[in-house]
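Each remark here refers to the structure printed beneath this line.
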Amino acid sequence: MSSPPTRDDRFVFDYDYALPPARERINRYYLRDEEAVIDELIPVAKLDNAAAARVQAQAAGLVEAVRRNRRDAGGLDAFLQEYDLSSQEGIVLMCLAEALLRVPDAETQDKLIRDKLASGDWRGHLGGSQSMFVNASTWGLMLTGRIVGPGQDAVKDVGRFVRDMVSRAGEPVVRTALRQAMRIMGHQFVMGRTIGDAIKRAGKKNNRSYRYSFDMLGEAALTRADAREYFDAYANAIDVIGEARDPSQSIFAAPSISVKLSALHPRYEFANMRQARDELSVLLLELAGRARDRNIALTVDAEEAERLDLSLQIIERVYRSGELDGWEGFGLAVQAYQKRALPLIDWLIALAADVGRRIPVRLVKGAYWDTEVKRAQERGLEGYPVFTRKASTDVSYLACARRLLGSRDRVYPQFATHNAQTLASIVEMAGDNRELEFQRLHGMGEELYSEVIDEEKLNFPCRVYAPVGVHEDLLPYLVRRLLENGANTSFVNRIVDEDAPLEEIVADPVAATEAAKPKPHPRIPLPVNLFANRVNSRGVNLHDPAELAPLASAMQEAMRKEWHVTPVINGEKVPGHAEPSTDPSDNRRVVGIVEQADEAAVDRAVAAAAVARPDWVRSDAEVRANLLERAAALFEANTGQLMALLVHEAGKTIPDAVSEVREAVDFLRYYAAQCRTEFAGARSLPGPTGESNELSLQGRGIFVCVSPWNFPLAIFTGQVAAALAAGNVVLAKPAEQTSLIGARAVALLHKAGIPGEVLHFIPGRGSVIGARAIADPRIDGVAFTGSTET
């Protein structure tokens, strides 16, 4: 028998525990209290009264100009205005676009089309927009334009017409029509199918008034082959852009390219930090060197919050490379909706000062807000990496803008916004200095930016963020734009809404936030408060070094412990037949020793349970609820230890181990809540001597809980908690392969106050214990794999 290993690589997380002081300061803001962050941002963003008045007047003028010019509105702006996410049709389109991305087979696509497109009131949108594109798109989305012309009956009931159309033509024809409609729409949303097409389009007519940053559409690489394909596409685009650029243009005026790190590596994630950092640094430096040779700029796009620190390590390595000396084209995007935005700006300014060359910084508000909020909730994080109020994001944006504008010797500021108030604020902050540029999305903001680039008006340069790719790659980009700008409260919609008061649209977010001192959005509770009747389980932020270091320490300490467990009956340890419990990833590793119970031990446990049964059956539901909640707190306090056992004895990955501990905690709190609701109703039941008693919910009596190996903590705990909550005495039998985990769960339940005579632990052979329990007439129920059937 081999001894337990002194080191297990699964407990050595692939990252550097100690962050450098500058990045550690950024990291402190990861999930920081929203109010505290806003209190720090307001003084930075706030203008004096005279400047604020000038901003409001300028913003009002811009809004009025946009409203005057809206007759010519088209493209994505008009589409989002017509199909905003407050309408049934807007939601249908978003759902359809998102779902089609995930549906690989034609049959399911057909069912989806039949279900979704027939449910919208498309007739109500005909003529609702002055944009020919939107009206054409409406018919395209009704799937009639390319198949059959709409008659009067169709106009009266478009939903019925679409259903009939699907019925007559068949789903394959409709699917083809839908894809053709999406190709037509794609022309509005995408600059070109190829980089060559996009550059040609950028050189036509009024397009020549703008600068361009080309973005190759496509989501994260899932394989090495995907990553190589994306790399080649970026490299080719750099070559084509370089050949087409005007040699007289400065690096800041020339066309540029945007690069997503997730497209260059299939394991671009914090858990794979060292490999991703080392390999991506080489790939990004190669692309940056290629862009330098062609004298065009390269911007690293911002992605999910969990990747920020890893991206900064890669960006810093590349930026400091001597190969890029003298070239000021390497930059990055910063998301103002992240609480870390301003510390990140300070870090970039210091980095540029240290290296000695300027760095272009594209300031954006952020396009993954919904994802960031839902991920934080699903993972049970302490807080959110993003602000929960839009005004707070606006304040953060203005604070970051002011810091950038104050350091133009170190950075070249690029401001991506479609908000007239934000734009006017930046103009005010910039003063006479024109060493900056604005940015807008292709197909959006044309009316607003016609005022900005006009030499007789604001006269600032503007760069268009221009997606390039085929329509198949359009869907995820379109979904992000819909989520980002499709709400009827978004600036894109409000700026053209004649009913929206002008003073509200151009209101100063800094002044409003300072006056109201708002707390985080009440309809976006912290992850811990998601449920009305119980506390949500606390997760682990596996992308935060400050949180991972103590977790790793706790897990390693747990595996240095010599685990030796026995049956526990009536709160006392009982000897049994000793067997090793081994690591499923390497059977030579012994995790601990388990003494298996025999039939005599089962008989002893049943006898003890029968004695305890009357008192526990009649115990107060509130008492049981409190004990289960106390156990949940103990489980969370011992997360590292439980995770170590899950990884070592059950073969779980670290993320799966986090999820399983959380599920066990959720079970405990869920059944505690049930005690206070369904289980707390009094019943009149006969007492031991025949008298009537007002009692809490009556349990069946004695339950044997037999749990599986695949969820050795969650299902084990759920079975036991459900039985205890209902007032049953429990004999807990874990899976033979994961008895150490079961023993630790029972020990924590006992520590929480569950009496030893109420909860008995009987590890052993399932066939022996299960058969013995089923045959015993004193046993009132047996739970297998979560079932509570007798």
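Kindly list, by first and then second residue, each pair from a residue in the range 305-332 that is touching a residue at least 24 places away in the same chain (Cβ under 8 Å) and among the hydrophobic types (A, V, I, L, M, F, W, C) to a residue that is open to solvent by less than 40 Å² (accessible area, probe 1.4 Å) and assigned to a loop (DSSP other than H, G, I, E, B), limited to pairs with Cβ atoms under 7 Å and residues at least 6 apart or on different chains.
As it stands, the answer is Ala305/Pro385; Leu308/Arg340, since those pairs meet every condition given.
Looking only at the range 574-596, decide whether some residue is in a helix (DSSP H, G or I) and open to solvent by 30 Å² or more (accessible area, probe 1.4 Å).
Within the range 574-596, the first condition is being in a helix (DSSP H, G or I), and the residues that meet it are none.
Checked the range 574-596: no residue is in a helix (DSSP H, G or I) and open to solvent by 30 Å² or more (accessible area, probe 1.4 Å).
For Gly742, all conditions in the list (1) within 25 Å of Ala673 (Cβ to Cβ); (2) at pLDDT 95 or above; (3) out of contact with any Pro (no Cβ under 8 Å at 6 or more places or on another chain) hold save one; what is the number of the exception?
The single condition Gly742 does not satisfy is (3).
Are any residues in the range 560-584 under 37 Å from the mean Cα position of the chain (by Cα) and farther than 15 Å from Ile741 by Cβ, and if so, which ones?
Selection gives Arg560 alone.
Here's a check for you: in the range 11-32, which residue that is open to solvent by 50 Å² or more (accessible area, probe 1.4 Å) and under 16 Å from Met555 (Cα atoms) is modelled with the highest pLDDT? Explain how you work it out, then say what you get.
Quick first cut of the range 11-32, residues open to solvent by 50 Å² or more (accessible area, probe 1.4 Å) only: 12, 16-18, 20-22, 24-25, 28, 32.
Restricting the remaining residues to those that are under 16 Å from Met555 (Cα atoms) gives 12, 17.
Numbers: Val12: 47, Tyr17: 61.
If we take residues in the range 11-32 being open to solvent by 50 Å² or more (accessible area, probe 1.4 Å) and under 16 Å from Met555 (Cα atoms), then Tyr17 is modelled with the highest pLDDT.
Restricting attention to the range 708-718, and to residues there that are open to solvent by 10 Å² or more (accessible area, probe 1.4 Å) and of a type outside the set (Val, Ile, Thr), which single residue is farthest from Leu642 (Cα to Cα)?
Quick first cut of the range 708-718, residues open to solvent by 10 Å² or more (accessible area, probe 1.4 Å) only: 708-711, 715.
Pick out the ones that are also of a type outside the set (Val, Ile, Thr) and you get 708-711.
Working: Pro708: 17, Trp709: 15, Asn710: 15, Phe711: 13 Å.
So, considering only residues that are open to solvent by 10 Å² or more (accessible area, probe 1.4 Å) and of a type outside the set (Val, Ile, Thr), the one farthest from Leu642 (Cα to Cα) is Pro708.
Residues that are at pLDDT below 90: find the helices (runs of 4 or more DSSP H) completely inside the range 380-488 holding 2 or more of those. Break it down into steps so the answer makes sense when it comes.
Numbers: elements: 390-405, 420-430, 446-453, 474-485.
The helices (runs of 4 or more DSSP H) meeting that bar are 446-453, 474-485.
If you scan the range 322-349, which residues turn out to be part of a loop (DSSP other than H, G, I, E, B) and either within 25 Å of Gln249 (Cα to Cα) or among the aromatic types (Phe, Trp, Tyr) (or both)?
Asp325, Gly326, Trp327, Glu328, Gly329, Tyr337 - these are the residues of the range 322-349 that are part of a loop (DSSP other than H, G, I, E, B) and either within 25 Å of Gln249 (Cα to Cα) or among the aromatic types (Phe, Trp, Tyr) (or both).
Conditions first: (1) touching a residue at least 12 places away in the same chain (Cβ under 8 Å); (2) assigned to a helix (DSSP H, G or I); (3) within 23 Å of Leu312 (Cα to Cα). Asp215 passes all but one, so which condition is the exception?
For Asp215, the exception is condition (2).
Name the residues in the range 219-265 that are more than 18 Å from Lys200 (Cα to Cα) and assigned to a loop (DSSP other than H, G, I, E, B), would you?
Glu219, Ala220, Ala221, Leu222, Thr223, Ser248, Ser250, Ile251, Phe252, Lys260, Leu264, His265 - these are the residues of the range 219-265 that are more than 18 Å from Lys200 (Cα to Cα) and assigned to a loop (DSSP other than H, G, I, E, B).
Which number in (1) open to solvent by 40 Å² or more (accessible area, probe 1.4 Å); (2) over 20 Å from the mean Cα position of the chain (by Cα); (3) within 23 Å of Glu306 (Cα to Cα) marks the one condition that Glu378 misses?
The one condition Glu378 does not meet is (2).
Of (1) in a helix (DSSP H, G or I); (2) farther than 20 Å from Glu306 by Cβ, Leu280 satisfies all except one. Which?
It fails just one condition, (2).
Name the pairs: first residue in the range 546-567 and aliphatic (A, V, I, L, M), second residue open to solvent by 30 Å² or more (accessible area, probe 1.4 Å) and at pLDDT 90 or above, Cβ to Cβ under 6 Å, at least 6 apart or on different chains?
Partner pairs satisfying both residue conditions: Ala558/Gln641.
Against the condition open to solvent by less than 10 Å² (accessible area, probe 1.4 Å), of a type outside the set (A, V, I, L, M) and over 28 Å from Ala512 (Cβ atoms), how does Phe330 come out, does it pass? Please lay out each step first, then the result.
Numbers: open to solvent by less than 10 Å² (accessible area, probe 1.4 Å): yes; of a type outside the set (A, V, I, L, M): yes; over 28 Å from Ala512 (Cβ atoms): yes.
So Phe330 fits the description; yes.
Yes or no, residue by residue, for (1) in contact with a Gly (Cβ under 8 Å, 6 or more places away or on another chain); (2) not hydroxyl-bearing (Ser, Thr, Tyr):
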residue: His564; (1), (2): yes, yes
residue: Gly571; (1), (2): yes, yes
residue: Ser585; (1), (2): yes, no
residue: Gly592; (1), (2): no, yes
residue: Glu595; (1), (2): yes, yes
residue: Glu599; (1), (2): no, yes
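Which condition does Gly322 not pass, out of (1) open to solvent by 10 Å² or more (accessible area, probe 1.4 Å); (2) touching a Leu at 6+ places or on another chain (Cβ under 9 Å), if it passes all the others?
Condition not satisfied by Gly322: (2).
Based on what the data block shows, is Thr513 in contact with a Ser or Thr (Cβ under 8 Å, 6 or more places away or on another chain), open to solvent by less than 30 Å² (accessible area, probe 1.4 Å) and of a type outside the set (D, E, K, R)? Give the derivation first.
On the way: in contact with a Ser or Thr (Cβ under 8 Å, 6 or more places away or on another chain): yes; open to solvent by less than 30 Å² (accessible area, probe 1.4 Å): yes; of a type outside the set (D, E, K, R): yes.
Yes.
I need the full set of residues from the range 298-321 which are under 27 Å from the mean Cα position of the chain (by Cα), outside any helix (DSSP H, G or I) and more than 23 Å from Lys390 (Cα to Cα), in order please.
Leu298, Thr299, Val300
Among the residues of the range 169-187, is there at least one that is crowded, with 17+ Cβ neighbours inside 10 Å, among the β-branched types (Val, Ile, Thr), over 35 Å from the mean Cα position of the chain (by Cα) and at pLDDT below 95?
no
Six or more apart or on different chains, Cβ under 8 Å: which pairs go from a residue in the range 746-767 that's in a loop (DSSP other than H, G, I, E, B) to one that's charged (D, E, K, R) and open to solvent by 10 Å² or more (accessible area, probe 1.4 Å)? Could you list them?
Gly753/Arg630; Gly756/Glu572; Pro763/Glu595; Pro763/Glu736; Gly764/Asp598; Gly764/Glu736; Arg765/Glu736
If you take the residues of the range 360-373 that are at pLDDT 95 or above and under 20 Å from Gly539 (Cβ atoms), which of them is surrounded by the fewest Cβ atoms within 10 Å (Cβ to Cβ)?
Applying the filter and picking the extreme gives Val373.
Can you pull out every residue in the range 35-71 that is in a helix (DSSP H, G or I), open to solvent by 40 Å² or more (accessible area, probe 1.4 Å) and under 30 Å from Tyr384 (Cα atoms)?
Those that are in a helix (DSSP H, G or I), open to solvent by 40 Å² or more (accessible area, probe 1.4 Å) and under 30 Å from Tyr384 (Cα atoms): Glu35, Asp39, Glu40, Pro43.
The values are calculated or read from the model by the stated rules, or taken from the named source; none is laboratory data. Note that this is a predicted model, so its numbers are computed, not measured. Ideal geometry is used to build each Cβ from the backbone, glycine not excepted, and the neighbour counts take in all protein chains shown. For accessibility, only protein heavy atoms count, side chains too; no ligands or nucleic acids. Shrake-Rupley method; radii C 1.70, N 1.55, O 1.52, S 1.80 Å.
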